[in-house]
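Written out below as C-alpha coordinates is the structure these notes cover.
The values are calculated or read from the model by the stated rules, or taken from the named source; none is laboratory data. Everything numeric in this text was worked out from a predicted model, so none of it was measured. Don't worry about glycine lacking a Cβ; one is built from the backbone with ideal geometry, like all the others, and counts go over all protein chains shown. Please note that ligands, DNA and RNA were not included when accessible areas were found on the heavy atoms of the full protein model with its side chains. Shrake-Rupley method; radii C 1.70, N 1.55, O 1.52, S 1.80 Å.
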Amino acid sequence: MRSKILLIYTGGTIGMNRNPATGALEPFDFGHLLDHVPELRQIDATIECPLLWSLPPIDSSDMTPSLWSDLARCIAGNYDDYDGFVVLHGTDTMAYTASALSFMLENLTKPVIFTGSQLPIDQLRTDGKENVITAVEMAAAKDGDGHAMVPEVGIYFGGRLLRGNRTTKQSAEAFRAFESFNYPCLADAGVDITYHRERMLMPDWTKPMMPHYDLDNNVIIFSLFPGIREDIIQHIIHAPNLKAIVMRTFGSGNAPQQPWLLNALREGTQQGKVIVNISQCVQGAVEMTRYDCGYHLQEAGVISGRDSTVESAVTKLMFLLALYPDDTEMVRKLMERGIRGEM
Ligand code: ASP
(Lines give C-alpha, C1' and ligand atoms only; values in the text may rest on other atoms or scores of the structure.)
Protein backbone atom coordinates (compact mmCIF):
# COMPACT_ATOMS: atom_id res chain seq x y z
CA MET A 1 0.00 0.00 0.00
CA ARG A 2 1.14 3.53 -0.82
CA SER A 3 2.70 5.22 2.21
CA LYS A 4 1.22 8.46 3.45
CA ILE A 5 3.73 11.05 4.62
CA LEU A 6 3.10 14.15 6.68
CA LEU A 7 5.52 16.95 5.90
CA ILE A 8 5.86 19.52 8.65
CA TYR A 9 7.60 22.77 7.83
CA THR A 10 8.94 24.63 10.87
CA GLY A 11 11.18 27.15 9.09
CA GLY A 12 14.84 27.50 8.16
CA THR A 13 16.68 28.23 4.95
CA ILE A 14 15.08 25.41 2.96
CA GLY A 15 11.75 27.20 2.74
CA MET A 16 12.99 30.67 1.95
CA ASN A 17 13.38 32.46 -1.33
CA ARG A 18 15.05 35.71 -2.19
CA ASN A 19 12.89 38.79 -2.25
CA PRO A 20 13.77 40.29 -5.66
CA ALA A 21 13.39 43.84 -4.32
CA THR A 22 15.48 43.57 -1.14
CA GLY A 23 17.67 40.54 -1.87
CA ALA A 24 16.93 39.21 1.64
CA LEU A 25 15.78 35.63 2.31
CA GLU A 26 12.16 35.31 3.37
CA PRO A 27 9.87 32.29 3.89
CA PHE A 28 7.58 31.25 1.04
CA ASP A 29 4.20 29.58 1.38
CA PHE A 30 5.13 25.98 1.96
CA GLY A 31 1.66 24.81 1.02
CA HIS A 32 3.14 25.15 -2.48
CA LEU A 33 6.08 22.83 -1.83
CA LEU A 34 5.12 20.61 -4.75
CA ASP A 35 5.47 23.61 -7.09
CA HIS A 36 9.06 24.04 -5.91
CA VAL A 37 9.91 20.34 -5.90
CA PRO A 38 7.68 18.77 -8.59
CA GLU A 39 9.98 15.71 -8.48
CA LEU A 40 8.23 14.72 -5.23
CA ARG A 41 5.24 13.67 -7.36
CA GLN A 42 7.35 10.81 -8.74
CA ILE A 43 7.72 9.20 -5.31
CA ASP A 44 5.33 6.33 -4.70
CA ALA A 45 3.83 7.99 -1.62
CA THR A 46 1.09 10.45 -0.81
CA ILE A 47 2.63 13.59 0.63
CA GLU A 48 0.59 16.07 2.60
CA CYS A 49 1.81 19.36 4.02
CA PRO A 50 -1.12 21.11 5.65
CA LEU A 51 -0.26 24.22 7.63
CA LEU A 52 -0.10 22.52 11.02
CA TRP A 53 2.80 24.33 12.46
CA SER A 54 2.72 27.67 14.24
CA LEU A 55 3.08 30.44 11.70
CA PRO A 56 5.19 32.31 10.74
CA PRO A 57 8.00 29.82 10.15
CA ILE A 58 10.98 30.45 12.39
CA ASP A 59 14.72 30.62 12.08
CA SER A 60 15.70 27.60 14.14
CA SER A 61 17.76 29.82 16.45
CA ASP A 62 14.36 30.74 17.92
CA MET A 63 13.45 27.13 18.72
CA THR A 64 12.14 26.52 22.27
CA PRO A 65 11.11 23.56 24.43
CA SER A 66 7.49 24.66 24.13
CA LEU A 67 7.76 24.42 20.32
CA TRP A 68 9.24 20.93 20.78
CA SER A 69 6.11 20.02 22.74
CA ASP A 70 3.94 21.45 19.92
CA LEU A 71 5.88 19.37 17.42
CA ALA A 72 5.53 16.21 19.52
CA ARG A 73 1.78 16.93 19.82
CA CYS A 74 1.52 17.43 16.08
CA ILE A 75 3.22 14.08 15.37
CA ALA A 76 1.31 12.21 18.09
CA GLY A 77 -2.01 13.75 17.00
CA ASN A 78 -1.48 12.59 13.42
CA TYR A 79 0.37 9.38 14.25
CA ASP A 80 -2.33 6.91 13.23
CA ASP A 81 -3.11 8.68 9.96
CA TYR A 82 0.39 8.66 8.47
CA ASP A 83 3.15 6.13 7.83
CA GLY A 84 5.99 8.57 8.33
CA PHE A 85 6.85 12.17 9.17
CA VAL A 86 9.33 14.53 7.55
CA VAL A 87 10.16 17.66 9.51
CA LEU A 88 11.76 20.54 7.62
CA HIS A 89 13.81 22.52 10.09
CA GLY A 90 16.61 25.09 10.13
CA THR A 91 19.99 23.45 10.45
CA ASP A 92 21.27 25.55 13.36
CA THR A 93 19.34 23.77 16.11
CA MET A 94 18.14 20.72 14.20
CA ALA A 95 20.28 18.37 16.30
CA TYR A 96 18.70 19.74 19.52
CA THR A 97 15.16 19.33 18.19
CA ALA A 98 15.83 15.83 16.84
CA SER A 99 17.39 14.84 20.19
CA ALA A 100 14.46 16.26 22.17
CA LEU A 101 11.91 14.50 19.97
CA SER A 102 13.77 11.18 20.25
CA PHE A 103 13.20 11.29 24.02
CA MET A 104 9.64 12.62 23.82
CA LEU A 105 8.42 9.93 21.39
CA GLU A 106 8.83 6.63 23.25
CA ASN A 107 8.55 3.32 21.41
CA LEU A 108 8.52 5.05 18.03
CA THR A 109 7.30 2.68 15.32
CA LYS A 110 7.29 5.18 12.44
CA PRO A 111 10.02 7.34 10.90
CA VAL A 112 10.42 10.95 12.00
CA ILE A 113 13.04 12.33 9.62
CA PHE A 114 14.42 15.82 9.97
CA THR A 115 15.99 17.62 7.07
CA GLY A 116 16.67 21.11 5.79
CA SER A 117 19.25 22.71 3.56
CA GLN A 118 22.21 25.03 3.40
CA LEU A 119 20.84 26.82 0.31
CA PRO A 120 17.18 27.79 -0.23
CA ILE A 121 15.18 25.34 -2.31
CA ASP A 122 14.64 27.75 -5.22
CA GLN A 123 18.36 28.33 -5.79
CA LEU A 124 20.08 26.61 -8.68
CA ARG A 125 22.64 24.72 -6.59
CA THR A 126 20.31 23.98 -3.70
CA ASP A 127 20.94 20.92 -1.57
CA GLY A 128 17.33 21.15 -0.38
CA LYS A 129 15.75 19.18 -3.21
CA GLU A 130 17.84 16.05 -2.76
CA ASN A 131 17.52 16.30 1.00
CA VAL A 132 13.74 16.54 1.01
CA ILE A 133 13.21 13.95 -1.76
CA THR A 134 15.39 11.33 -0.04
CA ALA A 135 13.98 12.13 3.42
CA VAL A 136 10.48 11.48 2.05
CA GLU A 137 11.63 8.25 0.39
CA MET A 138 13.15 7.08 3.66
CA ALA A 139 10.05 8.02 5.64
CA ALA A 140 7.92 6.05 3.18
CA ALA A 141 10.09 2.92 3.04
CA LYS A 142 8.75 -0.31 4.55
CA ASP A 143 10.14 -3.80 4.96
CA GLY A 144 8.56 -7.08 3.83
CA ASP A 145 6.43 -7.22 6.99
CA GLY A 146 5.04 -3.76 6.34
CA HIS A 147 7.07 -2.20 9.16
CA ALA A 148 8.85 1.12 8.74
CA MET A 149 12.45 0.72 7.58
CA VAL A 150 13.47 3.55 9.91
CA PRO A 151 11.53 3.47 13.19
CA GLU A 152 13.66 6.27 14.59
CA VAL A 153 14.09 10.02 14.83
CA GLY A 154 16.78 10.66 12.21
CA ILE A 155 18.47 13.53 10.43
CA TYR A 156 18.89 13.08 6.69
CA PHE A 157 21.45 15.42 5.21
CA GLY A 158 24.06 15.26 2.48
CA GLY A 159 23.60 11.61 1.55
CA ARG A 160 23.38 10.05 5.01
CA LEU A 161 20.72 9.29 7.55
CA LEU A 162 22.07 9.81 11.07
CA ARG A 163 20.48 9.01 14.41
CA GLY A 164 18.97 12.30 15.61
CA ASN A 165 20.31 12.14 19.14
CA ARG A 166 23.84 11.27 17.94
CA THR A 167 24.12 14.18 15.56
CA THR A 168 25.88 17.53 15.71
CA LYS A 169 25.96 20.38 13.20
CA GLN A 170 29.58 20.51 12.14
CA SER A 171 29.65 22.94 9.22
CA ALA A 172 27.97 26.24 8.43
CA GLU A 173 29.23 25.90 4.87
CA ALA A 174 29.38 22.32 3.59
CA PHE A 175 26.42 20.44 2.18
CA ARG A 176 27.40 17.63 4.56
CA ALA A 177 26.49 19.86 7.50
CA PHE A 178 25.97 17.15 10.11
CA GLU A 179 28.08 14.43 11.61
CA SER A 180 27.49 11.60 14.03
CA PHE A 181 30.94 11.20 15.54
CA ASN A 182 30.25 8.29 17.84
CA TYR A 183 27.75 6.17 15.94
CA PRO A 184 27.71 5.03 12.31
CA CYS A 185 25.03 6.25 9.93
CA LEU A 186 21.66 4.47 9.74
CA ALA A 187 21.39 4.65 5.96
CA ASP A 188 23.47 5.77 2.97
CA ALA A 189 21.92 7.33 -0.09
CA GLY A 190 24.10 6.73 -3.14
CA VAL A 191 22.87 5.22 -6.37
CA ASP A 192 20.67 3.09 -4.12
CA ILE A 193 19.54 3.72 -0.59
CA THR A 194 21.22 1.24 1.77
CA TYR A 195 19.54 0.83 5.13
CA HIS A 196 21.76 -0.45 7.95
CA ARG A 197 19.01 -2.03 9.96
CA GLU A 198 21.39 -3.79 12.32
CA ARG A 199 22.27 -0.29 13.62
CA MET A 200 18.70 0.81 14.16
CA LEU A 201 16.57 0.78 17.27
CA MET A 202 13.74 -1.71 17.05
CA PRO A 203 10.54 -0.81 18.90
CA ASP A 204 8.01 -3.20 20.36
CA TRP A 205 5.73 -3.29 17.31
CA THR A 206 2.85 -4.66 19.39
CA LYS A 207 2.79 -1.63 21.68
CA PRO A 208 1.70 1.92 20.86
CA MET A 209 4.03 4.88 20.61
CA MET A 210 3.97 6.80 23.90
CA PRO A 211 4.37 10.56 23.57
CA HIS A 212 5.63 12.80 26.39
CA TYR A 213 5.12 16.54 26.19
CA ASP A 214 6.70 17.98 29.32
CA LEU A 215 10.21 19.35 29.49
CA ASP A 216 11.97 21.15 32.33
CA ASN A 217 14.53 23.63 31.06
CA ASN A 218 16.09 24.54 34.43
CA VAL A 219 19.39 23.40 33.00
CA ILE A 220 22.62 24.92 31.73
CA ILE A 221 25.62 23.91 29.65
CA PHE A 222 29.04 25.27 30.49
CA SER A 223 32.53 24.58 29.21
CA LEU A 224 35.63 24.38 31.34
CA PHE A 225 38.69 26.32 30.17
CA PRO A 226 42.05 27.17 31.70
CA GLY A 227 41.42 30.29 33.76
CA ILE A 228 37.79 29.60 34.66
CA ARG A 229 36.84 31.70 37.70
CA GLU A 230 35.58 30.50 41.04
CA ASP A 231 33.13 33.39 41.60
CA ILE A 232 31.42 32.75 38.28
CA ILE A 233 31.15 28.99 38.86
CA GLN A 234 29.74 29.72 42.34
CA HIS A 235 26.99 31.83 40.71
CA ILE A 236 26.08 28.99 38.40
CA ILE A 237 26.12 26.30 41.08
CA HIS A 238 23.95 28.41 43.40
CA ALA A 239 21.50 29.66 40.76
CA PRO A 240 18.19 29.20 42.60
CA ASN A 241 16.11 27.27 40.04
CA LEU A 242 18.91 25.39 38.39
CA LYS A 243 18.42 21.62 38.53
CA ALA A 244 21.03 20.22 36.19
CA ILE A 245 24.31 21.08 34.49
CA VAL A 246 26.01 19.71 31.41
CA MET A 247 29.68 20.37 32.11
CA ARG A 248 31.92 20.18 29.06
CA THR A 249 35.26 18.90 30.25
CA PHE A 250 38.63 18.22 28.62
CA GLY A 251 39.61 15.06 26.71
CA SER A 252 38.26 11.91 28.29
CA GLY A 253 36.33 13.84 30.94
CA ASN A 254 39.05 15.69 32.83
CA ALA A 255 38.86 18.92 34.84
CA PRO A 256 41.28 21.14 36.77
CA GLN A 257 41.97 19.68 40.19
CA GLN A 258 41.63 22.96 42.12
CA PRO A 259 39.85 22.18 45.38
CA TRP A 260 37.42 25.11 44.93
CA LEU A 261 36.06 23.56 41.75
CA LEU A 262 35.65 20.09 43.20
CA ASN A 263 34.05 21.57 46.33
CA ALA A 264 31.64 23.65 44.26
CA LEU A 265 30.62 20.60 42.21
CA ARG A 266 30.21 18.56 45.40
CA GLU A 267 28.00 21.30 46.89
CA GLY A 268 25.92 21.33 43.72
CA THR A 269 25.38 17.58 43.87
CA GLN A 270 24.55 17.73 47.57
CA GLN A 271 21.89 20.35 46.79
CA GLY A 272 20.34 17.79 44.40
CA LYS A 273 21.67 19.21 41.14
CA VAL A 274 22.49 16.66 38.47
CA ILE A 275 25.91 17.40 36.97
CA VAL A 276 26.77 15.50 33.80
CA ASN A 277 30.27 15.25 32.39
CA ILE A 278 30.47 15.57 28.58
CA SER A 279 33.75 15.97 26.75
CA GLN A 280 34.60 19.00 24.63
CA CYS A 281 36.01 16.49 22.13
CA VAL A 282 33.38 15.56 19.57
CA GLN A 283 34.70 12.03 19.22
CA GLY A 284 35.27 9.51 21.99
CA ALA A 285 33.80 9.07 25.42
CA VAL A 286 34.16 10.33 28.97
CA GLU A 287 36.04 7.84 31.13
CA MET A 288 36.27 9.27 34.59
CA THR A 289 38.45 6.49 35.94
CA ARG A 290 41.24 7.01 33.39
CA TYR A 291 43.01 9.99 35.00
CA ASP A 292 43.18 11.20 38.55
CA CYS A 293 41.46 14.47 37.68
CA GLY A 294 38.48 12.61 36.23
CA TYR A 295 38.35 10.34 39.25
CA HIS A 296 37.99 13.34 41.58
CA LEU A 297 34.99 14.52 39.59
CA GLN A 298 33.31 11.19 40.19
CA GLU A 299 33.99 11.57 43.91
CA ALA A 300 32.34 14.99 43.78
CA GLY A 301 29.16 13.33 42.49
CA VAL A 302 29.54 14.24 38.82
CA ILE A 303 28.09 11.57 36.54
CA SER A 304 29.39 10.42 33.19
CA GLY A 305 27.53 11.27 30.02
CA ARG A 306 29.89 8.83 28.23
CA ASP A 307 29.85 9.51 24.49
CA SER A 308 26.62 11.56 24.37
CA THR A 309 26.47 14.73 22.31
CA VAL A 310 25.85 17.97 24.17
CA GLU A 311 22.55 18.32 22.32
CA SER A 312 21.44 14.92 23.50
CA ALA A 313 22.63 15.38 27.11
CA VAL A 314 20.86 18.69 27.61
CA THR A 315 17.55 17.62 26.04
CA LYS A 316 17.62 14.29 27.88
CA LEU A 317 18.02 16.21 31.15
CA MET A 318 15.02 18.40 30.27
CA PHE A 319 13.00 15.28 29.51
CA LEU A 320 14.00 13.30 32.62
CA LEU A 321 13.66 16.27 35.01
CA ALA A 322 10.07 16.71 33.82
CA LEU A 323 9.34 12.98 33.98
CA TYR A 324 10.78 12.48 37.49
CA PRO A 325 10.41 15.90 39.15
CA ASP A 326 10.89 14.48 42.66
CA ASP A 327 13.37 11.72 41.97
CA THR A 328 16.90 13.02 41.38
CA GLU A 329 18.32 9.53 41.87
CA MET A 330 16.24 8.22 38.97
CA VAL A 331 17.37 11.12 36.75
CA ARG A 332 21.01 10.39 37.67
CA LYS A 333 20.57 6.68 37.00
CA LEU A 334 18.96 7.18 33.59
CA MET A 335 21.51 9.84 32.59
CA GLU A 336 24.21 7.19 32.86
CA ARG A 337 22.31 4.71 30.71
CA GLY A 338 21.19 4.80 27.08
CA ILE A 339 17.41 5.04 26.77
CA ARG A 340 17.01 5.88 23.04
CA GLY A 341 20.33 4.78 21.59
CA GLU A 342 21.94 8.10 22.52
CA MET A 343 25.02 6.60 24.19
N1 ASP B 1 19.62 30.05 10.46
C2 ASP B 1 18.99 29.00 9.70
C3 ASP B 1 18.16 28.17 10.67
O4 ASP B 1 18.69 27.38 11.39
C5 ASP B 1 20.01 28.19 9.02
C6 ASP B 1 19.47 27.03 8.20
O7 ASP B 1 18.32 26.79 8.03
O8 ASP B 1 20.30 26.31 7.68
O9 ASP B 1 16.97 28.31 10.70
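Within the chain, the longest run free of exposed loop sites, counting trypsin sites (Lys or Arg not before Pro) that sit outside DSSP helix and strand states (H, G, I, E, B) and have at most 15 other Cβ atoms within 10 Å, spans 3-124. Look at the dipole of region 1-41 built from charges on Cβ: of S3, L34, A21, the Cα furthest out on the positive end belongs to S3. Size descriptors for the chain (Cα atoms only): Rg and Dmax, in that order, 20.9, 64 Å. Remark: for residue pairs K110/K243; K142/K316; K207/K316, the C-alpha separation exceeds 26 Å in K110/K243; K142/K316.
Summarising the overall dimensions of region 1-99 from its C-alpha atoms, the Rg and Dmax are 14.2, 46 angstrom.
For the chain, the solvent-accessible area works out to 43 Å² per residue, with a probe of 1.4 Å and every protein chain left in place.
If you put +1 on each Lys and Arg Cβ and -1 on each Asp and Glu Cβ, how big is the dipole of the chain around its Cα centre, in Debye rounded to 20? For the chain, the charge dipole is close to 520 debye.
Hey, any idea what Rg/Rh is for region 134-232, computing Rh the Kirkwood way over Cα pairs? Ratio of gyration radius to Kirkwood radius for region 134-232: 1.10. In µm²/s, what is D for region 208-264 at 25 °C and 0.890 mPa s, where D = kT/(6 pi eta Rh) by Stokes-Einstein and Rh is the Kirkwood radius from Cα pairs? Result for D is 183 µm²/s. In degrees, nearest 10, range 0 to 90: what is the angle between the Cα axis of helix 259-270 and the longest Cα principal axis of the chain? Between helix and principal axis, roughly 70 degrees.
Taking a Cβ cut-off of under 15 Å around M1, the surrounding Lys, Arg, Asp and Glu residues balance to a net charge of -2, with basic ones at +1 and acidic ones at -1. For the chain, the share of accessible area belonging to carbon and sulfur comes to 50 percent (1.4 Å probe, ligands and nucleic acids excluded). Going by the alpha-carbon gyration tensor, a ≥ b ≥ c the square roots of its eigenvalues, is region 95-161 rounded (a/c under 1.5) or, if a/c is not under 1.5, prolate (a/b greater than b/c) versus oblate? Note, shape of region 95-161 comes out oblate. Between 0 and 90 degrees, rounded to the nearest ten: what's the tilt of helix 128-140 against the longest Cα principal axis of the chain? For helix 128-140, the angle is close to 90 degrees.
Basic side chains Lys and Arg get +1 at the Cβ, acidic Asp and Glu get -1 at the Cβ, and with that the dipole of region 158-216 about its Cα centre reaches some 120 debye.
Classify region 287-342 as rounded, prolate or oblate, taking a ≥ b ≥ c as the square roots of the eigenvalues of its Cα gyration tensor: rounded when a/c is under 1.5, otherwise prolate if a/b is larger than b/c and oblate if not. Oblate, because a/c is 1.5 or more while a/b does not exceed b/c.
Counting only Cβ charges, +1 for Lys and Arg and -1 for Asp and Glu, the dipole size of region 183-291 around its Cα centre is about 220 debye. Placing unit charges on each Cβ (+1 for Lys and Arg, -1 for Asp and Glu) gives region 210-343 a dipole about its Cα centre, and among L261, Y324, T249 the Cα reaching farthest toward its positive end belongs to T249. Summing charges over neighbours of D307, with a neighbour being any other residue whose Cβ is under 11 Å away from its Cβ, gives 0 when K and R count +1 and D and E count -1.
Each Lys or Arg adds one and each Asp or Glu subtracts one; over the other residues with Cβ under 15 Å from the Cβ of A45, this totals -1.
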